[in-house]
Amino acid sequence: MDRWRYVARELRHRSGRSLATAAGIAVAVLAAVLLAALANSYSRALEAPMKTVGADVIVQLTGDIPPKLEGLVFPHPNALLPAKAVAGIRKEPGVVSVTRAVYLWELAPDHYQSVLGLEAGETGLDGLNGRLLQGRPLRAGDHAALLDSDFAGKNGLKAGDDIVVGGDRLPVAGIVDAARGGKVVRADVYLPLAVSQALAAAAPQVQALYAFGADDANMLLVKADRRRMEAVVERIKQLVGKKAIVSSEISFRETLESALFLSERMGLVLSLVVAVFAVAFVLRATASAVNERRREMAVLQALGWRWRDVHRQVLLENTVLALTGTLAGLALAAFAAWAIGNIEVTMEMPWDLSSTPHFIPEAAVDRRQSVTVPPQLAWQVLAAAGLGGIFAGAISALAALSTRRPQPWSLLRSE
Amino acid sequence: MSESAIHVENIRKRYGAVEVLRGVTLQVKASSFTTVIGKSGSGKSTLLGMIGGLEQPDEGRISVLGKDISTLSSDQLAHLRRRSIGIVFQGFNLIPSLTAIENVQLPAAFEDRATATHRRRRAEALLGKVGLADRFHHRPAALSGGEQQRVAIARALINEPAILLADEPTGNLDEATGAAVLDLLLGLCRDTGVTLVAVTHDPDIAATADRVIEIKDGRYQV
């Protein structure tokens, strides 16, 4: 009779206890893996907008409220960016490219539209043209516009129609799906930079606050080396000054800090709590099992088994149970993740990245963004939970044996 | 063979305030049948446990097959038990999860002198000798007390020990079954030249022994 057969016979003989121990480990592994997966999904959902804000860094400057909220205005808070600061940012180490933009709101008693003028480039017109649904791409020298598909749909506009911006009638070159475009700040109407600059230079409510020239901008879309992101952001803040609004993955993370903290830390904490309870349960179950078998262990010693042979036998039995529980827990976690499907997280975008004036009633709704992500079982979590489960089983056996070494003859003698 | 298989020299054992063995000295000849008798609590089972290396004397020396076992480590004692000492208990002490043949093979699990096939064949032969050829795959719960003790005897003999220690081997059996089990035990030991030391209350068993050792007040009474 070999050791493995003895292991199998023992586990089957004490099937209730074996099942309870394996189930304890399975539940712990399931809970730890699933909680980690859900927390990870939530974090990924929260981080998703950071990847679609339009550029690695968006630079604006806090401005003043125009005397009248009518016609073309700079969005609040937004001001003219000093040309010196723009030139300085271009030269910063870690800055890959800078796309200048003019961002405007056009306000009328019965409607509003957001207008974004962009230079050519990956984070500018080129990125936008990549999301063309109909019509033709917009070139830097055009006197035309691209419309966001939602805006075009709402207003019944299509490529070839005209749109009036700041009193200037522009042909609609095409319709873009900017919401999923990923690499541009979203607006209702997109223009070549020169057209938007001319409109801003001629806008009374802009000129009332700023001496906006034909080559100025009020927004920069910066593509940066992600490894140097923190340094780039810090340097941009220094160059633009105290009133700088620098939106990036970092600022977004700061805004969502509490939610991210909850999702990341609470997942970990809950996983640990479950794991601690499970280990306590397995420890208790193993200690009881070893206690029940003290006489059997004494018999084995009387038959010539060394204590370490007895030790190994119990360790092997518990490890088999732990392995079974762990595999069952991992399988259940995978099934549960599949059964849960996608996780949808709805969050509000920061004001400075919103394309909608905050005093418009629909603004709050427009600022909401829903992100859907599937629960992801990270291999690191699976490995940690797997090893943790097996370790819990083994350590329980060792702990139980260290306190339960029997004095064999006292258990076997007749008198 | 007339040499001493077991030599006990002036051993003492105390449990708390009670000194159960007070300087016992004795020798057991090889291939003999010796019974140890005495009242309950007289220390006879303690003496047997010490000979088997499962209990340590507070003082004195025990030699088994020429080896001073008080100098052996727990691993060396386990090796000695596995190779040279078989033990039969009053309560049978079979492993409930294993079948009769698996129980018999248990002491041979770490025995490298024989192959698994050889061990199995020897277990089958021993179970045949004790009259359980048709009970190989029965678990202890499916066997009577007498059958369980016969499995325990086969288990004690699997590694061909030189010494067999029996602690009240018929104590849990009815008279007829006990007599049959004792006959079997004696027959097997005599056939193979095994030294048998049995602790018993039963005067009938004592009467069949080559030598009777009585422990009284912690001492060996001649």
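Here the 3J(HN,Hα) profile of region A:117-126, calculated from phi with Karplus coefficients 6.51, -1.76 and 1.60 at θ = phi - 60°, is x, 10, 6, 6, x, 4, 8, x, 4, 4 Hz, Gly and Pro shown as x. The heavy atoms of A:ARG17 offer some 70 square angstrom of accessible surface to a 1.4 angstrom probe. Among the trypsin sites (Lys or Arg not before Pro) in region B:19-80, those located in a DSSP loop and surrounded by at most 13 other Cβ atoms within 10 Å of their own Cβ are B:LYS39.
Distance between the modelled labels on A:LYS68 and B:HIS118, one decimal in nanometres: 11.2 nm (7 Å Cα→Cβ projection).
Rg(Cα) of chain A divided by 2.2 N^0.38 Å?
In units of the globular-protein estimate, chain A measures up at 1.50.
Rounded, prolate or oblate, given the Cα gyration tensor of region A:63-242, with a/c below 1.5 counting as rounded? It comes out oblate by the Cα gyration axes. Here the dipole of the protein assembly as shown is about 2080 debye; that uses its Cα centre as origin and unit charges on the Cβ of Lys and Arg (positive) and Asp and Glu (negative). Under a model in which nothing but the beta-carbon of Lys, Arg (+1) and Asp, Glu (-1) is charged, region B:41-161 shows a dipole of about 400 debye around its Cα centre. Ellipticity at 222 nm from helices only: DSSP H runs of n ≥ 4 in chain B, each -39500 (n - 2.57), divided by the residue count, give -10500 deg cm²/dmol. Within the full protein context, the accessible area of A:HIS111 is estimated at about 90 Å² for a probe radius of 1.4 Å.
Amide H contacts of B:ILE87 (H built 1.01 Å from N, in plane; Pro and chain starts excluded): B:LEU165 sit under 5 Å, all sequence-distant by 5 or more or on other chains. At full extension, A:LYS243 and A:ALA108 could sit 45.8 nm farther apart than now, given 0.36 nm per residue minus the alpha carbon distance. Within the full protein context, the accessible area of A:LEU239 is estimated at about 50 Å² for a probe radius of 1.4 Å.
Remark on A:ALA120: its backbone amide H falls under 5 Å from those of A:LEU125, a criterion applied only to residues 5 or more positions apart or on other chains, H modelled at 1.01 Å from N. If I build a Gaussian network model for chain A, linking alpha-carbon pairs within less than 10 angstrom, which residue out of A:ASN218, A:ASN155, A:ASN342 has the largest mean-square fluctuation? Greatest mean-square fluctuation among the candidates belongs to A:ASN155.
Just to be sure I understand the rule: take each whole DSSP H helix in chain A, project its Cα atoms onto its long axis, keep it if the span is 27 Å or more and its mean Kyte-Doolittle hydropathy is at least -1.0. Which ones pass? Long hydrophobic helices here: A:15-47, A:267-292, A:307-340, A:379-403. State the answer as a single residue: which of B:LEU173, B:THR192, B:ILE205 lies farthest towards the positive end of the charge dipole of region B:171-222, with beta carbon charges of +1 for Lys and Arg and -1 for Asp and Glu, about the Cα centre. Most positive-ward Cα: B:THR192.
Dipole orientation for the protein assembly as shown: of the candidates A:ALA278, B:LEU106, A:GLN60, B:LEU106 has the Cα lying most toward the positive pole (charges on Cβ; Lys, Arg +1; Asp, Glu -1). Among the listed pairs B:LYS29/B:LYS129; A:LYS91/A:LYS223; A:LYS84/A:LYS243; A:LYS68/A:LYS154; A:LYS68/A:LYS242; A:LYS154/A:LYS223, those with a Cα-Cα distance over 21 Å are B:LYS29/B:LYS129; A:LYS68/A:LYS154; A:LYS68/A:LYS242; A:LYS154/A:LYS223. Applied to region B:29-41, the Karplus parametrisation 6.51 cos²θ - 1.76 cosθ + 1.60 on θ = phi - 60° returns per-residue 3J(HN,Hα) values of 6, 5, 6, 9, 10, 10, 10, 10, 10, x, 5, 4, x Hz, with x for Gly and Pro.
Whole-Hz Karplus values for region A:157-172 come out as 9, 9, 4, x, 6, 10, 9, 9, 10, x, x, 9, 7, 10, x, 7 Hz, taken residue by residue from phi with 6.51 cos²θ - 1.76 cosθ + 1.60 and θ = phi - 60°; glycine and proline positions read x. Computed on protein heavy atoms with a 1.4 Å probe, the accessible areas place B:THR71, A:THR346, A:THR62 in the order B:THR71, A:THR346, A:THR62, largest first. Remark: accessible surface ordering of B:ARG83, B:ARG139 (largest first) is B:ARG139, B:ARG83, probe radius 1.4 Å. Reported to the nearest whole Å, the Cα centre-to-centre distance from region B:101-132 to region A:63-91 is 94.
Seen through its C-alpha gyration tensor, with square-root eigenvalues sorted a ≥ b ≥ c, region A:143-244 comes out oblate because a/c lies at 1.5 or above while a/b is not bigger than b/c.
Remark on B:GLU59: its backbone amide H falls under 5 Å from those of B:ARG12, a criterion applied only to residues 5 or more positions apart or on other chains, H modelled at 1.01 Å from N.
The values are calculated or read from the model by the stated rules, or taken from the named source; none is laboratory data. Remember, predicted model here, so these are calculated numbers, not experimental data. Glycine also receives a Cβ, built like all others from the backbone with ideal geometry; neighbour counts cover every protein chain displayed. Ligands, DNA and RNA are stripped out before the accessible areas are found, and what is left, the full protein with its side chains, is counted by its heavy atoms. Shrake-Rupley method; radii C 1.70, N 1.55, O 1.52, S 1.80 Å.
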